[in-house]
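Working notes, structure below.
All of the numbers you see were taken from the coordinates with simple rules; none came from a lab. Please read all numbers here as calculations on a predicted model, not as lab measurements. Methodologically, a virtual Cβ is constructed for each residue, glycine included, from the backbone with ideal geometry; neighbour enumeration extends over all protein chains shown.
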Amino acid sequence: CLIWPPTTCQLSSAFFINSILDQVLRGVRKTSYHLKMETEYPKYDTLLFDLDDTLYPLSSGIARECGQNIKDYMVEKLGIDKSKIVELSNSLYKNYGTTMSGLRAIGYEFDYDEYHSFIHGRLPYENIKPDPILKSLLLSLPLRKIIFTNADKLHAARALERLGLEDCFEGIVCFESLNSTISDNVNDEIFDIISYLSDHEKPLSGLPKTPVVCKPSETAIVKALEIANTDPKKTLFFDDSVRNIQAGKRVGLNTVLVGTSQRVKCADYVIENIHNLKEALPELWESEAKPEKVSYSGKLPVETPVVA
């Protein structure tokens, strides 16, 4: 039974027992100070890949053919003077991310499916070769993998099929994903962007806005992350465009610039070829949290980015 207040005998017994327990606990704490269990969790859980010129090389010629098809569309379908095509397309691409986005901004109206069909329908897809090495790499990665492209879903599907990578990704964020509720606010007249840009005193903020959502717009990247349901801090973004990488960094993504070996300020990593993925980022294959015994040293490790 319990006695309150405690007797002298009880106090002595309690003191003796507490002394023994204290010695045992001291020993446990001393041991655990030098040897403890820690769990390391993966830094990333999602990989977001651009498609064109990232998963297959620029040398395929697809980008060059795509550019020519865009110029042909501007002449044949929109009636733009052929002599102005190069300067106009360059200005639109520079200021709006894609020529299509810029064309809509300055007032041209056209059907998006027709545009994509014209641009991509004539591409030499046979130039994109199956890539079993990349397929093996991707399938061995124990992380979510998602495509994020400005292109339409049909082009993305064709390119992935040619590469043999159609089963390597959880999903595709494409033009249709980003522009499911696109508005059709068309200007009454075509905005002369070339004349506007020639006046260097006029601010870029005065350029008309585009209804098209695409990279390198931060809005596009945020929307892609929402569609993919992923945390930017736990996502690694691969792209061959410095502008896209810069935008990704601004919204909190970890970034990998593909296609160069030169360090770029906005990129956390650079890899010359997507095949160099495992050499540059071996930690991506260590995704499962594993308990391991570590010795306490009193110093924190310093992480150094890998640049291949």
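Spin-label pair GLU109-THR260: with each label point 7 Å from Cα along the Cα-Cβ axis, the two points sit 4.1 nm from one another. On full extension, the segment bounded by PHE191 and ARG250 gains 18.3 nm, given 0.36 nm per residue less the C-alpha separation. Using only the Cα atoms of the range 62-123, build the gyration tensor, take square roots of its eigenvalues as a ≥ b ≥ c, and label the shape rounded, prolate or oblate: rounded if a/c is under 1.5, else prolate if a/b is larger than b/c, else oblate. Rounded, since a/c falls under 1.5. Of TYR269, TYR112, the sequence from fewest to most neighbouring Cβ atoms within 10 angstrom is TYR112, TYR269. Taking the beta-carbon count within 10 Å as an exposure proxy, list HIS116, HIS275, HIS155 from fewest neighbours to most. Lowest count first: HIS275, HIS116, HIS155. For the range 116-211, trypsin sites (Lys or Arg not before Pro) are listed when DSSP marks them as loop and at most 14 other Cβ atoms sit within 10 Å of their Cβ; the list is ARG122, LYS209.
The simple Förster model, with R0 at 22 Å and r as the Cβ-Cβ distance, assigns SER140 and ARG64 a FRET efficiency of 0.10. Multiplying the residue separation of LYS43 and TRP285 by 0.36 nm and removing their Cα-Cα distance gives an extension gain of 86.0 nm. Between the amide H of PHE49 and those of ILE146, ILE147, PHE148, PHE238, distances stay under 5 Å, these residues lying 5 or more places away or on another chain, with hydrogens modeled in the peptide plane. Annotation: aspartates and glutamates with alpha-carbon distance below 15 angstrom to LYS84 (same-chain offsets under eight excluded): ASP72, GLU76, ASP192. Using a cut-off of 21 Å between Cα atoms, the listed pairs LYS135/LYS249; LYS215/LYS265; LYS215/LYS278 include LYS135/LYS249; LYS215/LYS278 as exceeding that distance. With the simple model of a label 7 Å out from the Cα in the direction of the Cβ, ASN273 to THR181 spans 4.5 nm. Contact order for the range 62-123, expressed relative to its length and based on alpha carbon pairs under 8 Å spaced 6+ residues apart, stands at 43 percent. Each of PHE191, PHE148 was scored by other Cβ atoms within 10 Å of its Cβ. Arranged with the fewest first, they read PHE191, PHE148. Placing R0 at 30 angstrom, the Cβ-Cβ distance between LYS202 and VAL75 gives a FRET efficiency of 0.65 after rounding to 0.05.
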